[in-house]
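K.L.:
Here it is, the structure in full.
The values are calculated or read from the model by the stated rules, or taken from the named source; none is laboratory data. In this text the structure is predicted, and so the values were computed from the model without any measurement. Here Cβ is always computed from backbone atoms with ideal geometry, including for glycine, and neighbour counts include all displayed protein chains. What goes into the accessible areas is simple: the full protein's heavy atoms, side chains included, and nothing from ligands, DNA or RNA. Shrake-Rupley method; radii C 1.70, N 1.55, O 1.52, S 1.80 Å.
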Amino acid sequence: ARVQTLPKVFARTYASATGPHALVFLEHRDGAIDSGSLSALTAAKQLGGEVTGVLVGGPEQLKDVIPQAQKLDGLNTLLHASAAQYAAPIPETISPLLESLLSGSKYTHVVSAHSSSAKSLLPRVAAKLDVPAISDVTSVDHDSSSNATTFTRPIYAGNAIATVRASSNIPIKFFTVRSTAFKAAEASSAEAKASAIDAVEVTDPPTVHIKTEITKSDRPDLGVASRVVSGGRALKNAETFKATLEPLADVLGAAIGASRAAVDAGYADNSLQVGQTGKVVAPELYMALGISGAIQHLAGMKDSKLIVAVNKDPDAPIFQVADAGLVADLYDVVPELVEKLKQ
Ligand code: FAD
């Protein structure tokens, strides 16, 4: 592992020298805190100091979310700002609020999930404060005596792990968290103190929200499912993809995933792509059916606990990471497997 010391870029200091105090940006959807934010909270707790959460949303959206957040294990204080401008999580609109919370503040770390909005929000605020942001971390270790925090993060599509140290001359350390690397925080019996804070009005936002289109599915969410059945180019077309994978996913109670080749060819929705440019998953069981195992696909699933691969080609690279591999035609194997599982 390579240790990279981040540059000394500050003339200013923002935070006090007392123990760590993390500000965690908590995201939510449909009245529930996102699982990625629950992992970010666990990472924040591992810093070993105080943890404050911040929630933003439209006036109606936060009603159910605030009491849930207050009960989360590891959260000491909860700040919440509600305003119509926060109804959609637009980084350009939220960043002035975070900036105002951080100016002259006690916070030493700012933490979030490595989600699509937060990975735009945190670097934006960090840049305004003249500090770096460290993305997609898989471990956190804070040393209070030196006030340095050491992170690990995968690089080169997960083929190497970089160790990055943010030293004491970085007064506020921003980082986003790979959710599969940290357990989701759970509800506890304690209740964090909640305080409403004022929104920072953005009068002429550079980005406006037009509409949200979410793929509806009764299946478990791919990002958090404990079992995933994924199909590749070998699935031929959208109809065969559905007809082959759905019965197996149904019987296993699994989410469906896809390789990029399957997504690009239109067999599966974009939201199902697993890999470097798709979702990173680490389920208990990952089944790769007709997927060759390109390095970019492995980057999204190789931390799965049990990997099962079915491929006609005995030299397919997927077999190098598979715990169980079957050299066979998936069109013979999958229907037989479904029948056996039903029994
Ligand atoms: P192929 O590589 O074509 O493999 C199909 C496999 O099916 C073969 O191994 C074949 O032996 C097997 N097969 C064929 N018929 C059968 C059958 N009847 N039964 C059993 N097996 C059969 N890819 C991703 O998946 N996710 C990413 O996020 C991603 N990001 C990328 C980012 C970049 C910058 C680049 C350059 C590439 C990225 N890719 C990604 C693409 C990646 O390199 C591969 O092209 C892709 O993963 C291949 O998909 P596949 O395995 O489905 O297809």
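K.L.:
For the range 297-343 and the range 203-249, what is the centre-to-centre distance using only Cα atoms, to the nearest Å?
P.N.:
Centre-to-centre distance over Cα atoms comes out at 20 Å.
K.L.:
Right, next: Return the ratio Rg/(2.2 N^0.38 Å) for the range 132-188, where Rg is computed over Cα atoms only.
P.N.:
For the range 132-188, the normalised Cα radius of gyration is 1.22.
K.L.:
Further question: Report the net charge of residues surrounding Q61, where surrounding means a beta-carbon distance below 14 angstrom and charges are Lys +1, Arg +1, Asp -1, Glu -1.
P.N.:
Every neighbour counted, the sum reads -3.
K.L.:
May I pose another question? Convert each backbone phi in the range 65-74 into a coupling constant with the Karplus relation 6.51 cos²θ - 1.76 cosθ + 1.60 (shift: θ = phi - 60°), then list the ³J(HN,Hα) values in order as whole Hz, x for Gly and Pro.
P.N.:
Values per residue, Gly and Pro as x: 6, 4, x, 4, 5, 4, 8, 5, 4, x Hz.
K.L.:
Report P(r) for the chain: all Cα-Cα distances, bin width 20 Å, range 0 to the bin holding the largest distance, values in whole percent.
P.N.:
All Cα pairs, binned at 20 Å, distribute as 29, 52, 19, 0 percent.
K.L.:
Roughly how tilted is helix 35-45, in degrees to the nearest 10 and between 0 and 90, from the longest Cα axis of the chain?
P.N.:
Taking the Cα atoms of the chain, the angle to 35-45 is about 50 degrees.
K.L.:
Let me ask something else about it. Among residues other than V327 whose Cβ falls under 12 Å from its Cβ, what is the net charge (Lys/Arg +1, Asp/Glu -1)?
P.N.:
-3
K.L.:
Any lysines with Cα under 18 Å of the K45 Cα? List them, leaving off those in the same chain fewer than 8 positions away.
P.N.:
Straight-line reach from K45, under 18 Å: K71, K106, K173, K183, K193.
K.L.:
Moving on. For the range 184-343, report the convex hull volume of the alpha-carbon atoms normalised per residue, in Å³, without decimals.
P.N.:
172 Å³
K.L.:
Taking only the alpha carbons of the range 256-343, what extent do you get along each of the three principal axes, in Å, biggest first?
P.N.:
Cα spread of the range 256-343 along its principal axes, largest to smallest: 36, 26, 24 Å.
K.L.:
Hey, another quick one. Using the Karplus equation 6.51 cos²θ - 1.76 cosθ + 1.60 (θ = phi - 60°), what ³J(HN,Hα) coupling, rounded to whole Hz, does each residue of the range 184-196 give in order, writing x for Gly and Pro?
P.N.:
Result, ordered by residue: 6, 5, 10, 6, 10, 7, 6, 10, 6, 6, 10, 9, 7 Hz.
K.L.:
Could you list, bin by bin from short to long, the percent of Cα-Cα pairs of the range 31-104 in 5 Å steps?
P.N.:
Once binned at 5 Å, the Cα pair distances of the range 31-104 give 3, 14, 25, 25, 22, 9, 2.
K.L.:
Kindly give Rg over Rh for the range 215-289, based on alpha-carbon atoms, with the Kirkwood expression for the hydrodynamic radius.
P.N.:
0.91
K.L.:
Do you know the relative contact order of the range 53-154, to the nearest whole percent, from alpha carbon pairs under 8 angstrom that are 6+ apart?
P.N.:
20 percent
K.L.:
What number, in percent, do you get for the relative contact order of the chain if the mean sequence gap of Cα pairs under 8 Å and at least 6 apart is divided by its residue count?
P.N.:
16 percent
K.L.:
Which chymotrypsin sites (Phe, Trp or Tyr not before Pro) in the range 138-192 sit in a loop by DSSP (not H, G, I, E or B) and have at most 12 other Cβ atoms within 10 Å of their own Cβ?
P.N.:
Here the sparse-neighbourhood loop sites are Y156.
K.L.:
So, one more: Quick one: compute the contact order of the range 224-284, relative version, from alpha carbon pairs under 8 angstrom and 6+ residues apart, as a percent.
P.N.:
39 percent
K.L.:
Let me ask you something else. Would you mind working out the accessible area per residue for the chain, using a 1.4 Å probe, and quoting it in Å²?
P.N.:
Per residue, the chain has an accessible area of 48 Å².
K.L.:
Please list 54-61, 226-233 highest first by mean number of surrounding beta-carbon atoms within 10 Å per residue.
P.N.:
The peptides rank, most packed first, as 226-233, 54-61.
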